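Asker: The following block contains the structure, expressed as structure tokens.
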Amino acid sequence: MSIVKKIRHKAETAGGATKKTVDKSLGNERMEAEGRADQAKGQAKQAGDKLKEAGQKVKHIFKH
């Protein structure tokens, strides 16, 4: 997994959290929901990255 993708996924999560917080304070429910969705999407991508790395480690263990 490239470091660029990891950073991009972290940024997506952080951006969603920021959007959610700001729009909640402004009372904009639709944008708050979009922020929650962006945050969840970024978290899902990060979980996928971790799963992919774990699979590569297991593959490496059985290779040797």
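Asker: Tilt of helix 29-63 relative to the longest C-alpha principal axis of the chain, in degrees (0 to 90, nearest 10)?
Answerer: Taking the Cα atoms of the chain, the angle to 29-63 is about 10 degrees.
Asker: Within 10 Å, Cβ to Cβ, of residue 36, how many net charges do the neighbouring residues add up to if Lys/Arg are +1 and Asp/Glu are -1?
Answerer: Taking every Cβ under 10 Å from that of residue 36, the sum is 0.
Asker: OK, next. Please tell me the relative contact order of the chain in percent, rounded to the nearest whole number, where contacts are Cα pairs under 8 Å and at least six residues apart.
Answerer: 37 percent
Asker: Which lysines, if any, have their Cα less than 23 Å from the Cα of residue 45, not counting same-chain residues under 8 positions apart?
Answerer: 5, 6, 10, 19, 20, 57, 59
Asker: So, for the chain, what is the accessible surface per residue at a probe of 1.4 Å, expressed in square angstrom?
Answerer: Value returned for the chain: 78 Å² of accessible area per residue.
Asker: Let me spell out the model: positive unit charges on the Cβ of Lys and Arg, negative unit charges on the Cβ of Asp and Glu, origin at the Cα centre of the chain. What dipole size does that give, in debye rounded to 20?
Answerer: 460 debye
Asker: Based on DSSP H runs of at least 4 residues, each adding -39500 (n - 2.57), what is the mean residue ellipticity at 222 nm of the chain after dividing by all its residues, to the nearest 500 deg cm²/dmol?
Answerer: Result for the chain, helices only: -33000 deg cm²/dmol.
Asker: Could you tell me what percent of the accessible area of the chain is made up of carbon and sulfur, with a 1.4 Å probe and every protein chain present?
Answerer: 61 percent
Asker: Among 21, 46, 62, whose Cα projects farthest towards the positive end of the dipole of the chain, with charges put on the beta-carbon of Lys, Arg (+1) and Asp, Glu (-1)?
Answerer: 62
Asker: Please list, or write none, the aspartates and glutamates whose alpha carbon is within less than 17 Å of the alpha carbon of residue 63, excluding same-chain residues fewer than 8 places away.
Answerer: Counting by Cα, and skipping residues close in sequence, residue 63 has these aspartates and glutamates nearby: 53.
Asker: To continue, here is another question. Each residue of region 11-18 in order: what ³J(HN,Hα) in whole Hz does its phi give by Karplus 6.51 cos²θ - 1.76 cosθ + 1.60, θ = phi - 60°, with x for Gly and Pro?
Answerer: 5, 5, 5, 5, x, x, 5, 5
The values are calculated or read from the model by the stated rules, or taken from the named source; none is laboratory data. Remember, predicted model here, so these are calculated numbers, not experimental data. Counting neighbours? That spans all protein chains shown, and the Cβs are built from the backbone with ideal geometry, glycine included. The accessibility values were calculated without ligands, DNA or RNA, using every heavy atom of the protein model including side chains. Shrake-Rupley method; radii C 1.70, N 1.55, O 1.52, S 1.80 Å.
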